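The structure under discussion appears below in the form of structure tokens.
The values are calculated or read from the model by the stated rules, or taken from the named source; none is laboratory data. Note that this is a predicted model, so its numbers are computed, not measured. For neighbour counting, all protein chains shown are included, and Cβ atoms are generated from backbone atoms with ideal geometry for every residue, glycine included.
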Amino acid sequence: MAAELSPPFFDGHNDTVLKILMGKATVADIVQGYDAGHIDLPRARAGGFGGGFFAIFVPSPKGSADRMEEATGDYDFPLPGMLDQPYALDFVNRGFEVFSDLENAGAITICRSAGEIGVALEGERMAAVIHIEGAEAIGPDCAELEEFHARGLRSLGPVWSRPTIFGEGVPFRYPSTGDIGAGLTEAGKRLVKECNRLKIMIDLSHLNEKGMDDVAALSDAPLVATHSNAYAVCPHARNLTDRQLSQIAESDGMVGINLASGFLRPDGRMNSDFGLDVLLRHLDHLIKFLGEDRVGLGSDFDGALVPKDIGDCAGLPNLRAAMADHGVDTALMTKLTHGNWLRVLRKTWGE
């Protein structure tokens with residue numbers, strides 16, 4: 001692998017499976033390459049993108065998330081309501097089928113352990129951890145969770161931004177903290193315990209502040225936010241306050257830097273025309289509170305408007321170069337690109 005592509009990036013979050021489920025890409029597109037989206041196998045190879053958490057997300061009817069391009073100043077988009085479980089379960093089952101199709105076509109290797117990720121990062125396919133973003137497909141007794149785990153699920157977000165029977169998410173609101181709404185429900189607390197039992201990682205991105213406090217009190221695993229940034233740099237409800245970062249550090253957890261423009265820019269605008277120095281401000285702040293062993297990438301590729309100097313996964317060498325120019329040495333580069341993710345997953349998954 002060329003020096004500018006090594007070490008490979010392992011990523012905390014992407015929505016590529018949703019692109020396929022919504023008919024905006026095909027499995028063949030991901031294998032052969034296409035001229036839309038952020039991730040396909042040729043661009044991954046070109047950019048040193050080794051893989052990551054591939055999310056199954058159940059979309060709401062057209063609503064606030066479709067209007068994020070309107071975010072040009074202070075804003076507060078109303079959240080969609082809860083989803084019906086049968087609808088969500090059908091969609092999630094289709095998502096599992098897409099994972100099988102991608103693996104059979106040679107695009108990904110589904111990974112169930114950190115060891116498998118390490119091996120896959122050396123291969124030609126993308127390493128893929130199955131993640132579900134929002135637990136609407138799971139009932140209050142959490143019975144579905146064991147079946148999902150058997151099918152390869154290793155990471156779960158109790159909520160997207162809309163409410164679920166388990167808890168509440170944060171709105172698309174700027175400026176705002178995530179201190180909005182109540183904590184976990186009794187079903188939510190049960191979900192945390194079941195995830196701990198099955199060694200399924202709990203993703204705190206999108207969860208509100210009281211919900212995160214409840215997870216911190218209940219969980220025996222590291223606290224992880226797969227795609228979130230520093231509130232001190234960008235005061236968006238989706239970003240983490242210094243208090244929350246300290247909680248994550250105390251648990252020996254992890255944060256993946258989200259490339260969504262509105263969660264990076266101090267003005268909260270969904271506009272990609274800005275330099276990577278803004279991203280580096282988040283990196284510095286996260287390292288200040290979390291240390292060098294607890295920060296990585298959580299791109300939100302295929303689900304967000306990313307900085308123009310990155311563009312898609314083929315543009316990751318530009319991020320690597322910006323970090324190197326910022327003083328990130330070889331050892332820290334290895335940690336930030338994938339080493340820290342493997343560390344926290346070994347601890348979470350009991351390896």
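Apart from one condition, Val129 fits all of (1) surrounded by 18 or more Cβ atoms within 10 Å (Cβ to Cβ); (2) in contact with a Ser or Thr (Cβ under 8 Å, 6 or more places away or on another chain); (3) at pLDDT 95 or above; (4) not in a strand (DSSP E or B); the exception is (4).
Scan the range 185-200 for residues that are surrounded by fewer than 23 Cβ atoms within 10 Å (Cβ to Cβ) and under 23 Å from Ala237 (Cα atoms) and the total you get is 2. Within the range 99-117, residues that are under 22 Å from Ile200 (Cα atoms) have Cβ atoms under 7 Å from residues that are assigned to a helix (DSSP H, G or I) and of a type outside the set (A, V, I, L, M) in these pairs: Thr109/Glu103; Ile110/Phe99; Ile110/Glu103; Ser113/Trp349; Ala114/Arg346; Ala114/Trp349, counting only partners at least 6 apart in sequence or on another chain. Out of all the residues in the range 214-232, is one or more outside any loop (DSSP other than H, G, I, E, B), within 17 Å of the chain's Cα centre (by Cα) and among the small types (Gly, Ala, Ser)? Within the range 214-232, one or more residues are outside any loop (DSSP other than H, G, I, E, B), within 17 Å of the chain's Cα centre (by Cα) and among the small types (Gly, Ala, Ser). For Phe166, the requirement of being at pLDDT below 95 and crowded, with 18+ Cβ neighbours inside 10 Å is not met. Selection of the range 103-118 for residues being buried (at least 21 other Cβ atoms within 10 Å of the Cβ) and either modelled with pLDDT under 95 or over 19 Å from the mean Cα position of the chain (by Cα) (or both) yields only Ala107. All told, Ser272 falls short of being under 21 Å from Val215 (Cα atoms) and in contact with a Pro (Cβ under 6 Å, 6 or more places away or on another chain). Here Thr185 meets the list (1) within 23 Å of Leu89 (Cα to Cα); (2) of a type in the set (Ser, Thr, Tyr); (3) touching an Asp or Glu at 6+ places or on another chain (Cβ under 8 Å) almost entirely, failing just condition (3). Summed over the range 274-322, residues that are at positive phi and either assigned to a helix (DSSP H, G or I) or buried (at least 20 other Cβ atoms within 10 Å of the Cβ) (or both) total 2.
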